[in-house]
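**Q** Let me begin by handing over the structure; questions about it come next.
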Amino acid sequence: MTTLTTPVGAAPARGASPRRRAERRRRIIALAFVLPALLLLGALVVHPVLFSVGRSFFDASGSRFVGGENYAEMFRDPATLTAIRNSAIWVVVAPTLLTGLGLILAVLVEKVRWATAFKLLLFMPMAVSFLAAGIIFRLAYEEDPDKGVLNAAVVGVHDAFKESSSYPTARAREGQGLDRAPDGSYRTTGAVSPGDTVTLGFVGVPPADVPAGAKPAAPVRAGAGELGGAVYLDFTPGGGGRPGVVDAAERGLPGMTVEAERDGRAVATATTAADGSFRFGELAAGSYTVRLPAANFAPPYEGVSWLGPALVTPAIIGAYLWIWTGFAMVLIGAGLSSLPRDALEAARMDGASEWQVFRRITVPLLAPVLTVVFVTLVINVMKVFDLIYIIAPGPVQEDATVLATQMWLVSFGGGNNQGLGSALGVLLLLLVIPAMVFNVRRFRRSQS
């Protein structure tokens, strides 16, 4: 007779069933909680991605399969190549500057008495939407100094070191003895000689723009070996004046630079007085030409064209830095606060300077945090859209475009080619995925 025995320590077969049922129940409950999130993820992320990939193989209407034609067209389009170039500039410049600024500010803030208030001040732009920030910087970058705060500052600094022309609107009357040269200067049409008196009348200057110290025009009477005259506003308030003649109510134009030329070379220079008069003394006998240089009529300095084709991308990156510098500083500051202080103090006791401590200890220890911040910003700048669309004016939109804005322009902003736009979206996804995978792997390694 054979006897069956149960191994010592083995649970009865009938006892395993409740545990399996409990495990199955826990899995069902977990799935019930996760299912809504999975449905949303599938509806808002997975389905659009798969649909875009499929749509990229069809033409603009979506009715004809074209294979990889959209991808080939994407790299033949100059606008797309510009977008790729600008995206590369963004990826290299913006995260690098932000990480560097965040590191410097995080280190410096530790030495500031009101560190919390300073961090709050720098982090506040993160609370501003990209739409509002774009409007703010669009106004700040206005080329008109009366509207754009940056150009108002630039013009103020420029005018503090270099005086602007007092008569940018002045022009000579036609047929009154003055010709305008291609460089903007004025010359007398006929030759003059020592002993002559020359009157040079101008119009186009509003009476309110004539300097307050200007006096009634009074031409200098030239003596022997001298050449004199006056530069005046050939306009009589209320009418009644005679063109080309200095009338009693007409005022001189002070501060004008006047040159006497001979054989194409300036031999004497004078500046008009309050009554517009000028005098050249000790001139040799011969024929001369009186010239008023173009600097007298140069338009006022208007500042920098921040939103022109050459500077629009750096200008928008500047707005992006304003928003995200606080983010980088706070994250790096959190990593800085967790550094082992004994290593820093030991280096200082060994005679290391603050710069050596920063370069050889602080930065290497912060390398994991700096990497996370940098990669996170790379992912973010690859998707930047709002700032570029709002700040860049219409005429330079193509000069500032990146892949995200180009995708929108091609699909909905007039191109109406969702096939090509989907191909651009797939390209953008492929460029973002490596950075995302790197960030996820690094996060998992830090948790293990």
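**Q** Based on Cα positions only, what radius of gyration and what Dmax would you give for the range 316-444, in angstroms?
**A** According to the Cα coordinates of the range 316-444, Rg and Dmax are 20.4, 67 Å.
**Q** Charges only on Cβ, +1 for Lys and Arg, -1 for Asp and Glu: so what's the dipole of the chain about the Cα centre, in debye to the nearest 20?
**A** 3660 debye
**Q** Same structure again: What is the extension gain from residue 196 to residue 412, computed as 0.36 nm multiplied by their sequence separation minus the C-alpha to C-alpha distance, in nm to one decimal?
**A** Length gained between residue 196 and residue 412: 70.6 nm.
**Q** Arrange the peptides 104-113, 250-259, 347-356 so that the one whose residues have, on average, the most other Cβ atoms within 10 Å appears first.
**A** Highest mean packing first, the order is 250-259, 104-113, 347-356.
**Q** One quarter of the convex hull surface, Cα atoms only: what value does that give for the range 43-84 in nm²?
**A** In nm², the orientation-averaged hull projection of the range 43-84 is 3.7.
**Q** Dipole magnitude of the range 281-422 about its Cα centre, charges +1 at Lys/Arg Cβ and -1 at Asp/Glu Cβ only, in debye to the nearest 20?
**A** Charge dipole of the range 281-422: 200 debye, to the nearest 20.
**Q** Near the amide H of residue 215, under 5 Å away, which other amide H atoms are found, from residues 5 or more places off or on another chain, if H is placed in the peptide plane?
**A** Here 252, 275, 276 satisfy the definition.
**Q** Related question: Computed over the Cα atoms of the chain, what is the convex hull's projected area averaged over all directions, in nm²?
**A** 45.7 nm²
**Q** Take 116, 376 and order them by how many other Cβ atoms sit within 10 Å, fewest up front.
**A** 116, 376
**Q** Return a whole-number percent for the relative contact order of the chain, with Cα pairs under 8 Å and 6 or more residues apart as the contact set.
**A** Normalised by residue count, the contact order of the chain is 22 percent.
**Q** Ok, one more. Counting each DSSP H run of 4 or more residues in the chain as -39500 (n - 2.57), what helix-only mean residue ellipticity at 222 nm follows after dividing by all residues, to the nearest 500 deg cm²/dmol?
**A** Helix-only estimate at 222 nm: -16000 deg cm²/dmol.
**Q** Taking 0.36 nm per residue of sequence separation and subtracting the Cα-Cα distance, how much length would be gained by fully extending the chain between residue 123 and residue 442, in nm to one decimal?
**A** Full extension of this stretch gives 112.3 nm more.
**Q** A further question on this structure: Take the residue pairs 162/215; 111/383; 119/147 and return only those whose Cα atoms are more than 32 Å apart.
**A** 111/383
**Q** Extending each Cα 7 Å along its Cβ direction at residue 46 and residue 159, get the distance between those two points in nm, one decimal.
**A** Placing both labels 7 Å along Cα→Cβ, they lie 6.4 nm apart.
**Q** Moving on. Sort 17, 63, 52 so the one with the fewest other Cβ atoms within 10 Å of its own Cβ comes first.
**A** Lowest to highest Cβ neighbour count: 63, 17, 52.
**Q** Which whole-number percentage describes the relative contact order of the range 140-198, with Cα contacts under 8 Å and a sequence gap of 6 or more?
**A** 14 percent
**Q** Average projected area of the Cα convex hull of the range 107-198, in nm²?
**A** It is 13.0 nm².
**Q** Same structure again: Where does the range 171-297 land on the Kirkwood hydrodynamic radius, alpha-carbon pairs, in angstrom?
**A** One decimal place: 14.5 Å for the Kirkwood radius.
**Q** Rounded to the nearest 0.05, what FRET efficiency do residue 33 and residue 383 have when you use their Cβ-Cβ distance and R0 = 45 Å?
**A** Given R0 = 45 Å and the Cβ-Cβ separation, E is 0.90.
**Q** Starting from the coordinates of the alpha-carbon atoms of the range 286-326, obtain the Kirkwood hydrodynamic radius over all distinct pairs and give the value in Å to one decimal.
**A** The Cα-based Kirkwood calculation yields 14.3 Å.
Quick note: the coordinates plus some simple rules give every number you see, no bench work behind them. The structure displayed is predicted, hence computed values, not measured ones. Heads up, the Cβs are rebuilt from the backbone with ideal geometry, glycines too, and the neighbour counts pull from every protein chain shown.
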